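> After the structure tokens below, expect a handful of questions from me.
The values are calculated or read from the model by the stated rules, or taken from the named source; none is laboratory data. Only a predicted model underlies this, so the values are computations on that prediction, with no experimental measurement involved. Every residue, glycine among them, receives a Cβ derived from its backbone with ideal geometry; neighbour counts consider all protein chains shown.
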Amino acid sequence: MIGRNEPCWCGSGKKWKKCHYPDSGAPQIQVTPQLAQEYLRKYQIIIKTPEQIDGIRTSGKLAAQILTETCQKAQAGVTTQELNDFAHKLHEEAGAIPACLHYGTPPFPKSICTSLNDVICHGIPNDIPLKEGDILNIDVTCILNGYYGDCSMMVTIGEISPEKQLVVDVAYECLMRSVAILKPGVLISEIGKTIQSYASSHKCGTVDQFVGHGVGLDFHEGPQIPHCYNSIDIPIVPGMTFTIEPMINAGVKQAYVDADDEWTAYTKDGKPSAQWEHTLVITNDGHEILTPWERQK
Ligand code: MF3
Ligand code: CO
Ligand code: CO
């Protein structure tokens, strides 16, 4: 954490409080080639050009569209494998590649993630039909013309328990409240503070074993975006593109990963978990959501 009276991180030589200190009426942050180089070297953050942002916007829009249509298919009796096949076909029709397919080690076996009830994230589509009372996260990442857009939403199947409704609603609020604070000069650590303070005020656990991430030219770029309290005091600047994707648990925050498939992450106490995700870009005066989905009902 730098002090208010220390030199500003932008290299102006002025005190931080007189320069880019949040809400100081500071001059707009100019992303010079020097600043971009500094961010790459110090933090592995790729600040995007306007052309790259256009590409990520187009990919993000497609990801949000595929996500929306796939969520509309989710109902009792439908399997997550069927949702996977439907989403895969939409990628193909749009000339896009599903980024999840064969990603990582061991290679992720499907085209989307489907995380059901006590699955926190990275659930693998299978042949079990959805049933009344289920909550499901669907996570779509597409690659279009080489650019990545990453987003997810929750769907609820019929009547769900009050505990599940709470965690779905709290996770949604955590995402939207943390998106709302984004503008140049805000510290990455303020995102997690916004999320965890809201989640804990509703007695929900905030998962800290998985994080949001830079995205756009690659699936997972720097920086990491923790959703819990942290001390990553890097000011966000225009041209940064990253996800926020809080995973909120009705019970304890701890996750464990399935030893057989090495992907599926479950809550330790078996209680439900919920997650929503957007890809964002920081603009001169705030932010833009690059994955414009709308919450259903
Ligand atoms: N889409 C997920 C994210 O938000 C990552 C899924 S990786 C996969 O970062 F391999 F499981 F698909
Ligand atoms: Co993501
Ligand atoms: Co995702």
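> Given Gly104, Gly133, which one is within 16 Å of ligand 2 (Cβ to nearest atom) and surrounded by fewer than 17 Cβ atoms within 10 Å (Cβ to Cβ)?
Gly104
> Keeping to the range 223-255, report how many residues are more than 12 Å from ligand 1 (Cβ to nearest atom), in a strand (DSSP E or B) and either among the hydrophobic types (A, V, I, L, M, F, W, C) or in contact with a helix residue (DSSP H, G or I) (Cβ under 6 Å, 6 or more places away or on another chain) (or both).
4
> Restricting attention to the range 111-130, which residues are surrounded by fewer than 23 Cβ atoms within 10 Å (Cβ to Cβ) and free of Cβ contacts under 8 Å to residues at least 40 places away in the same chain?
Answer for the range 111-130, where residues must be surrounded by fewer than 23 Cβ atoms within 10 Å (Cβ to Cβ) and free of Cβ contacts under 8 Å to residues at least 40 places away in the same chain: just Leu116.
> So in the range 148-174, with the set limited to residues that are within 19 Å of Gly60 (Cβ to Cβ) and crowded, with 24+ Cβ neighbours inside 10 Å, which one is nearest to ligand 2 (Cβ to nearest atom)?
Filtering the range 148-174 for residues that are within 19 Å of Gly60 (Cβ to Cβ) and crowded, with 24+ Cβ neighbours inside 10 Å, the one nearest to ligand 2 (Cβ to nearest atom) comes out as Asp150.
> Looking only at the range 138-153, count how many residues are farther than 14 Å from Ile66 by Cα and in a strand (DSSP E or B).
Result for the range 138-153: 1.
> Same structure, new question: What residue, among those in the range 1-46 that are modelled with pLDDT under 85 and among the acidic types (Asp, Glu), is farthest from the chain's Cα centre (by Cα)?
Glu6
> Could you say whether any residue in the range 277-284 is out of contact with any Asp or Glu (no Cβ under 7 Å at 6 or more places or on another chain), at pLDDT 95 or above and surrounded by fewer than 17 Cβ atoms within 10 Å (Cβ to Cβ)?
Yes: the range 277-284 contains one or more residues that are out of contact with any Asp or Glu (no Cβ under 7 Å at 6 or more places or on another chain), at pLDDT 95 or above and surrounded by fewer than 17 Cβ atoms within 10 Å (Cβ to Cβ).
> Six or more apart or on different chains, Cβ atoms under 7 Å: show the pairs whose first residue is in the range 174-197 and touching a residue at least 60 places away in the same chain (Cβ under 8 Å) and whose second is in a helix (DSSP H, G or I) and among the aliphatic types (A, V, I, L, M).
That search, which allows pairs on different chains as well, returns Cys174/Ile195; Cys174/Ala199; Ser178/Ile191; Ser178/Ile195.
> Just name the residue that is nearest to Trp293 (Cα to Cα) out of those in the range 64-101 that are part of a loop (DSSP other than H, G, I, E, B), away from ligand 3 (no atom under 16 Å from the Cβ) and free of Cβ contacts under 8 Å to residues at least 60 places away in the same chain.
Ala94
> In addition: For Gly239, which of the numbered conditions (1) over 12 Å from the mean Cα position of the chain (by Cα); (2) more than 20 Å from Asp54 (Cβ to Cβ); (3) more than 15 Å from ligand 3 (Cβ to nearest atom); (4) buried (at least 16 other Cβ atoms within 10 Å of the Cβ) fails to hold?
Going through the list (1) over 12 Å from the mean Cα position of the chain (by Cα); (2) more than 20 Å from Asp54 (Cβ to Cβ); (3) more than 15 Å from ligand 3 (Cβ to nearest atom); (4) buried (at least 16 other Cβ atoms within 10 Å of the Cβ), Gly239 breaks only (2).
> Out of curiosity, is Gly216 within 16 Å of ligand 3 (Cβ to nearest atom), on the phi > 0 side of the Ramachandran plot and not hydrophobic (A, V, I, L, M, F, W, C)?
The answer is yes for Gly216.
> Here is a follow-up. Which residues, counting only those in the range 264-297, are part of a strand (DSSP E or B), among the small types (Gly, Ala, Ser) and more than 16 Å from ligand 2 (Cβ to nearest atom)?
Gly286
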